[in-house]
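The values are calculated or read from the model by the stated rules, or taken from the named source; none is laboratory data. The shown structure was predicted, so the numbers you read here are calculated from the model rather than taken from an experiment. As a convention, Cβ positions derive from the backbone with ideal geometry for all residues, glycine included, and neighbour counts pool all protein chains shown.
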Amino acid sequence: MTKSRRSLLGAVVMAALWLVCAGASAAGPAQGDRVLIKDFMFSPMALTTKVGGEVTWVNQDDEPHTVVSDTGLFRSGALDTGNSYTFKFDKPGTYHVFCSMHPQMTATIVVE
Amino acid sequence: MTDDQTLRGRRNALKCMAYGGAGTLFALSGGLLTPVDLAVAADAKADISRLGKPLFVQISDTHIGFAKDANPDVNGTLTRAIDLVNGMEEQPALVIHTGDITHLSKAEEFDLAQQMFSKLRTTELHTTPGEHDTADPTVTEYFSRFGKASQNRGYYSFDHAGVHFVCLINVLQFKAGGLGTLGAEQLAWVMADLQARSSSTPIVVFAHMPLWTIYEPWGWGTGDASQLLDQLRRFGSVTVLNGHIHQIVQKVEGNMTFHTARSTAYPQPVAGTAAGPGPLKVPAEQLASRLGISSVSVVRHPRSLALNDVTLGSV
């Protein structure tokens, strides 16, 4: 392999590694927002994100929860402790979610 | 039940709440309520024989799939509950499960639960789902197995031994809110269903979430239940059986007795004593006395029903 090809290959490998690492990270603005489900609450209860942004809900309670959009747009299954659910918001608007198992738990996501 | 206890029951209608614990008697609109603690097997046999011929047994909140600290072996405690029922000298005519059969609405959890229920000597099983049973995205796992009796609507009624049983569903939440929901369609159906019944017919209503408000901040209640209760008030004997809260809470109002059952899986905190109604870990030696089933017998056929709570004890 020539010197220039080796350095090009090296650059491609580095770029690939960087992409893999970025994809694997659970949090950070590049990957979307995280909502914790804890003590029978969504935390934060209000969140603003951009069109195309992903929101990931992570259940940290001992009790399972679900994440359900009140328009029926999306519906996670039962999330046990440690399980998560991600939804990508393609359209702007205000979205209300609740837990179908404990419907007193509510939250709002504003997509701009 | 001795004659003396039955007479006391007829004379006094006390409004009491009963939690676990041993042998306290409460009167119940002409019947009898006895929480039975099975701490010692020998005593247990005597207590069970006092129950008389059970009309049905209520099992609730089996949560197959749960495997955390509060009870790492819910299959084992359900087996003990089933053994307890199977060990009754006279078998109940039917078994009613008031919901949260599974913990996460998973297919394998439902399959295992059905396998375990098939060990009951009593073959007639009626169920209503809990919110843990209707959490799968398409809400089909429960109905594909247990939906036939209600044509997948979740509500239906049937008669047995002169008693009219009404099965209701109050866990299908289509919007945010605090409490369980019956919905206009189901309420209209109940109205029509009850209209034909004479007021002297004993009525048993069962649903997962409490049909009266026990503790609103934790969602322990049903928002539109008042319309249901209005329909029930004219009857001479109404027994409302619920689950969901994993502890016994009871209310007597005129001829209506409201009763929530223990779980066979794990206890929950008393209202307001924790951040939320999650699983409550208790010392291992106390667990069995916090879990149990309820047995309902006809005391003065066909007029009234007697309800007995039985714990798994510490055997």
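Out of all the residues in the range A:77-101, which are farther than 20 Å from B:I64 by Cβ, surrounded by 15 or more Cβ atoms within 10 Å (Cβ to Cβ) and facing chain B (nearest Cβ under 9 Å)?
A:V97, A:F98, A:C99
Restricting the search to the range B:214-262, which residues are under 18 Å from the mean Cα position of the chain (by Cα) and small (G, A, S)?
Scanning the range B:214-262 gives B:G219, B:G221, B:A225, B:S237, B:G243, B:A261.
Just name the residue that is nearest to the other protein chains (Cβ to nearest Cβ) out of those in the range B:109-146 that are out of contact with any Leu (no Cβ under 7 Å at 6 or more places or on another chain), surrounded by fewer than 16 Cβ atoms within 10 Å (Cβ to Cβ) and within 28 Å of B:L84 (Cβ to Cβ).
Across the range B:109-146, the extreme among qualifying residues is B:D111.
Does the range B:230-275 hold any residues that are on the phi > 0 side of the Ramachandran plot and surrounded by fewer than 22 Cβ atoms within 10 Å (Cβ to Cβ), and which are they?
Result: B:G254, B:G272.
How many of the residues making up the range B:188-209 are touching a strand residue (DSSP E or B) at 6+ places or on another chain (Cβ under 7 Å) and away from chain A (no Cβ under 14 Å)?
So the count comes out to 10.
Taking B:S105, is it polar (S, T, N, Q), within 14 Å of chain A (Cβ to nearest Cβ), in contact (Cβ under 8 Å) with a residue 24 or more places away in the chain and closer than 18 Å to B:H208 by Cα?
Yes, satisfied.
Anything in the range A:50-107 that is under 15 Å from B:A135 (Cα atoms), of a type in the set (A, V, I, L, M) and in contact with a Leu (Cβ under 6 Å, 6 or more places away or on another chain)? List them, or say none.
Listed by number, the list holds a single entry, A:A78.
Go through B:L194, B:L172, B:L182, B:L211 for me and flag whichever is within 19 Å of the chain's Cα centre (by Cα) and either surrounded by fewer than 19 Cβ atoms within 10 Å (Cβ to Cβ) or more than 26 Å from A:H65 (Cβ to Cβ) (or both).
Answer to the check: B:L172.
If you take just the strands (runs of 3 or more DSSP E) that sit entirely in the range B:5-109, which of them hold at least 2 residues that are at pLDDT 50 or above and of a type in the set (A, V, I, L, M)?
B:54-59, B:94-97
Please enumerate the residues belonging to the range A:102-112 that are in a strand (DSSP E or B) and surrounded by fewer than 22 Cβ atoms within 10 Å (Cβ to Cβ).
Across the range A:102-112, the qualifying residues are A:T106, A:T108, A:V110, A:V111.
Looking only at strands (runs of 3 or more DSSP E) that fall completely inside the range A:8-67, which ones have 3 or more residues that are modelled with pLDDT of 90 or more and not hydrophobic (A, V, I, L, M, F, W, C)?
A:33-38, A:53-59
Can you pull out every residue in the range A:57-76 that is aliphatic (A, V, I, L, M) and crowded, with 17+ Cβ neighbours inside 10 Å?
A:V58, A:V67, A:V68
Being in contact with a Leu (Cβ under 8 Å, 6 or more places away or on another chain) and not in a strand (DSSP E or B) is the filter here; which residues of the range B:147-168 pass it?
Once the filter is applied, which keeps residues that are in contact with a Leu (Cβ under 8 Å, 6 or more places away or on another chain) and not in a strand (DSSP E or B), the range B:147-168 yields B:G154, B:Y155, B:A161, B:L168.
Filter the range A:34-56 down to the residues that are buried (at least 18 other Cβ atoms within 10 Å of the Cβ) and not β-branched (V, I, T), then identify the one that is farthest from A:T106 (Cα to Cα).
A:G53
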